[in-house]
Structures are given as C-alpha cells and as structure tokens.
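Pasting in a structure now, in structure tokens, and then I'll have a few things to ask.
The values are calculated or read from the model by the stated rules, or taken from the named source; none is laboratory data. Predicted, not measured: the structure shown is a model, and the values here were computed from it. Quick reminder, even Gly has a Cβ in these numbers, built from the backbone with ideal geometry, and neighbours come from all protein chains shown. Ligands, DNA and RNA are stripped out before the accessible areas are found, and what is left, the full protein with its side chains, is counted by its heavy atoms. Shrake-Rupley method; radii C 1.70, N 1.55, O 1.52, S 1.80 Å.
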Amino acid sequence: MSSPLLRLASASPRRRELLASIGFDVAHDIEVVPVDIDEAPLENEPPEAYVLRLARAKAAAGSQGTQLPTLGSDTAVVVGSCILGKPAGRDHAREMLTLLSGRSHEVMTAVAIQGPQGMLATCVTTRVFMRPIDEQEMAAYWASGEPADKAGGYAIQGRAAIFIERVEGSHSSVVGLPLFETAELLARQGVPLWRQGAS
C-alpha cells in the first residue's frame, strides 16, 4: 500500500472532496488528523488576519509528529468587518441569513501548508451576491439541517445555491478550499497532485 502524500488538519468532508477533485486519492494519499484550536477572534483582529492565523495554527498543530506536509485551512463569511462564524442555533442562523439577504458579502478562505519550505500560506477573498430570502425560506432551510455547521449559516455547494445570484472570485474557496492557490502551495512544498501511473 502506498504511503500518504499529505496530512489534512481538518475533519471537513468538503475539503477532502475538493482535494479529490484535483487528483488526490482520499483513501490513500491523505492522512486526516483533525485538530482542536481556539477559533475566537482576537480583539480588533481584521478578518483576513484572523483566517490566516487560524489556518497557520491548524497546519502547525496538525504537523506534530510527522514529516508529511500538513494542510490547514479556515473560512470566514464577512460582512463589513464583522466575521460570521457557525450559527449557535436556529435564531442565530436566521439573524445571519437576514444580514446576508439581498446584498453581497465576502468569503475569506486561508490555506496554510507546513512542509519542507516552512510554513506557506495565502488568503483568497471571494464576493458572493445573495438574493433576498424570505422568512419561510429561512425556516425551511434551517429545518433541512444543512446550515447548522456552516460559516455564515449557509452552504453554497448545497441547497443554499438557490439563494446565490453570482460569485465574483473562487467558487471552491467559498466551499472551503481555493484549489488554484492550494495547488500552487502544494507544488512549492513538493507534493504531487497525482501519483505516476495512478488510475
């Protein structure tokens, strides 16, 4: 059996799916090691600095005890300077969707890879335009169970796609990993996107 190429410091199935889409065999190429770090923003911390700090912290924590390049990532939904995390419950999710409804917002995803070249990191900002969402839709969306563990209370790759008018920037970054930039960082760390002779 072949050895892993990359350690992923995340339990997110979406990030595994995104890595699979660019050539990784998730079962053999990726070693998944979820990490638990404090994700509270620092006082007056700008959103970009926040996601970069968390991505680096996840990569550093996940890299303990291995020589494998280790990828950490963090995504935040941002309105103005306000960072929207995961909803604490139905009412909180409704507040978030009310804030996002009928306007644009930014989604910032940072990716960091600890490896032979040290810690490499970047942040990608994408603008998302959401149509107005009525109360009945918000209630039905919460009842679907989808928004409960999603930053900003929605999943662009799921049922919330019907709320999204357009995206300016990286769609994969909104899902959870900017693939173009991730591939560049992986290449700099010497991680191949597929194995020679792999099917």
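Does residue 51 satisfy the condition of being touching a helix residue (DSSP H, G or I) at 6+ places or on another chain (Cβ under 6 Å) and either small (Gly, Ala, Ser) or under 21 Å from residue 119 (Cβ atoms) (or both)?
Answer is no for this residue.
Oh, and also: Residues that are open to solvent by 40 Å² or more (accessible area, probe 1.4 Å), assigned to a helix (DSSP H, G or I) and either in contact with a strand residue (DSSP E or B) (Cβ under 8 Å, 6 or more places away or on another chain) or within 25 Å of residue 141 (Cβ to Cβ) (or both): does the range 61-82 have at least one?
Yes, there is a match, as at least one residue in the range 61-82 is open to solvent by 40 Å² or more (accessible area, probe 1.4 Å), assigned to a helix (DSSP H, G or I) and either in contact with a strand residue (DSSP E or B) (Cβ under 8 Å, 6 or more places away or on another chain) or within 25 Å of residue 141 (Cβ to Cβ) (or both).
Looking only at the range 157-178, count every residue that is touching a residue at least 40 places away in the same chain (Cβ under 8 Å) and surrounded by fewer than 20 Cβ atoms within 10 Å (Cβ to Cβ) and tell me the total.
Summing the residues that are touching a residue at least 40 places away in the same chain (Cβ under 8 Å) and surrounded by fewer than 20 Cβ atoms within 10 Å (Cβ to Cβ) in the range 157-178 gives 6.
Something else about it: Look through the range 51-86, keep the residues that are farther than 14 Å from residue 39 by Cβ and in contact (Cβ under 8 Å) with a residue 60 or more places away in the chain, and return whichever of them is farthest from the chain's Cα centre (by Cα).
Residue satisfying both the conditions and the ranking: 68.
When residues of the range 8-51 are filtered for being over 24 Å from residue 86 (Cβ atoms) and crowded, with 17+ Cβ neighbours inside 10 Å, how many remain?
2
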